[in-house]
Amino acid sequence: MWAYWLSVPEHWREIPARYRLEGGQCEDCGFKMIPKRDVCPRCGSKNVKTVKLPRRGRVLEYTKVWNPPRGYEYYTPYVIALVELEDGTRLTAQLTDVDPDEVEEGMEVEMVLRKVRVSGESGLIAYAYKFRPLLK
Ligand SMILES: [Zn+2]
């Protein structure tokens, strides 16, 4: 269901999306997606341009993760949420700076960059977007 955990090649391929919250927008039907794809999943057009997405959104759905893949144990439990950005683009991301018990649907969130993983032998530290509750 959640296509969040990426292999290393996928990680590098998706750096623009993960670091700058860039996505794609179909120039034919207007559909926005993150990460950007070569072909629009809605209409099949190949006229997909890169667009910067808004950093704020709200939680549509969420799930608590108690059994993460290897390398993510430190974060247990954590919350993966389906977030709808201000322009309607939807993506899944980890929530941060929040007690998992305080997450609720409709909660306003904003994007931040956070360390996500240190892989054992290479010591690779990856940064990616996560979302935290909007500071008021
Ligand atoms: Zn399209």
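Taken together, the values in this text are just the output of simple stated rules run on the coordinates, not laboratory data. Being a predicted model, the structure only gives us computed values, none of them experimental. For neighbour counting, all protein chains shown are included, and Cβ atoms are generated from backbone atoms with ideal geometry for every residue, glycine included.
Residue 23 fulfils the conditions (1) more than 15 Å from the ligand (Cβ to nearest atom); (2) within 25 Å of residue 115 (Cβ to Cβ); (3) in contact with a Pro (Cβ under 8 Å, 6 or more places away or on another chain) except for a single criterion, (1). Quick check on my filter: what residues within region 25-38 are under 14 Å from the mean Cα position of the chain (by Cα) and either in a loop (DSSP other than H, G, I, E, B) or among the small types (Gly, Ala, Ser) (or both)? Within region 25-38, 34, 35, 36 qualify. Taking the conditions exactly as written (over 17 Å from the mean Cα position of the chain (by Cα) and either part of a strand (DSSP E or B) or within 10 Å of the ligand (Cβ to nearest atom) (or both)), does residue 58 satisfy them or not? Answer is no for this residue.
Does residue 51 fit the bill of being within 16 Å of the ligand (Cβ to nearest atom), free of Cβ contacts under 8 Å to residues at least 12 places away in the same chain and β-branched (Val, Ile, Thr)? Taking the combined requirement at face value, the residue does not satisfy it.
Selection of region 61-82 for residues being touching a Lys or Arg at 6+ places or on another chain (Cβ under 7 Å) and not aromatic (Phe, Trp, Tyr) yields 71, 77, 79, 82. The test for being within 20 Å of residue 25 (Cβ to Cβ), crowded, with 16+ Cβ neighbours inside 10 Å and more than 16 Å from the ligand (Cβ to nearest atom) holds for residue 92.
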